[in-house]
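Here's the structure, in structure tokens; my notes come after.
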Amino acid sequence: MSQYIFPRRIDVRKASKQEAKVSGTIPINQLFRLGSSLHNSTGEVFVSMRFSKDEADRSLVEIETSCNLELTCQRCLEVVKVNMATQARLAMIFPEAKGDYLPLPDGMEALLTNDQCDTWEAVEDELILALPAYPKHPDGNCNLPCSTYSNVNFAELEQKDMTKPFSDLLRLLNNDVKEGDSHGSSKE
């Protein structure tokens, strides 16, 4: 699947005025913060962004992403493949804004940016937020290693003469009691 590499930076004000639509791919190995959560950083993220203005003259962007990520299963520590798809609607907030962008409509988040928005960082943020907290295979699909204790007869182990580190202490305490010493009190 040969796609265009998604631009790293986009002039948000210009794109919003033109109601631009941009799509392409971002190599997963270039998303360094996301990479620390992955088992393998190969593949691509398909990204589509649509810029617009709302009735309050705010610059908006709708981001849609899709990718296949390889995460580490938290049960068996093997690779688990997760199909990710995210959608976000963001209001671009510029540093010179004095709060005139508030309140934001429901379902819209704010993204503080300069005129040149780092689109890869925005995509990476959305993917990190969408990651499962505890990635795992579906129930019953983990290749858990067999326990080394599965063939052990614990009843037999209990009956074996095992070294007991405090057995001598017990014998000493029993001898003291036989001699008439009381424990915990003085005979003065």
Find how many whole Å separate the alpha carbon centroid of the stretch 100-141 from the alpha carbon centroid of the stretch 12-84.
9 Å
Evaluate the distance, in nm, between pseudo-label points positioned 7 Å from the Cα of E96 and of L131 along their respective Cα→Cβ axes.
3.7 nm
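If you place +1 on the Cβ of every Lys and Arg, -1 on the Cβ of every Asp and Glu, and leave all else neutral, what size is the dipole of the stretch 9-130 about its Cα centre, to the nearest 20 Debye?
Working: 13 positive and 20 negative charges, 35 e Å.
For the stretch 9-130, the charge dipole is close to 160 debye.
Please state, rounded to one decimal and in Å, the Kirkwood hydrodynamic radius that the stretch 24-82 gives when every pair of distinct Cα atoms enters the mean of 1/r. Write out the running numbers ahead of the final one.
Numbers: mean 1/r = 0.0747 Å⁻¹.
Computed over Cα pairs of the stretch 24-82, the Kirkwood hydrodynamic radius comes out at 13.4 Å.
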I'd like to know how the stretch 1-121 sits against the 2.2 N^0.38 Å rule of thumb: what's its Cα Rg over that expected value?
1.20
If we count other beta carbons within 10 Å of each Cβ, what is the order of F6, F46, fewest first?
F46, F6
So the FRET efficiency between L112 and K17, C-beta based with R0 = 30 Å and rounded to 0.05, is 0.90
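At a 10 Å Cβ-Cβ cut-off, how would you order L173, L129, fewest neighbours first?
By the 10 Å Cβ count, ascending: L129, L173.
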Here, N29 and V82, labelled 7 Å along Cα→Cβ, have an inter-label distance in nm of 2.2 nm
Pull out the extension gain between T72 and L170, defined as 0.36 nm times the separation in residues minus the alpha carbon to alpha carbon distance; nm, one decimal.
30.3 nm
So how long is each side of the stretch 89-138 along the principal axes, counting just the alpha-carbon atoms, biggest first, in Å?
47, 25, 13
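Computed from the coordinates by the stated procedures, all read-outs in this text should not be read as laboratory data. Values in this document were obtained by computation on a predicted structure and should not be read as measured data. We place every Cβ from the backbone using ideal geometry, glycine too, and count neighbours over all the protein chains shown.
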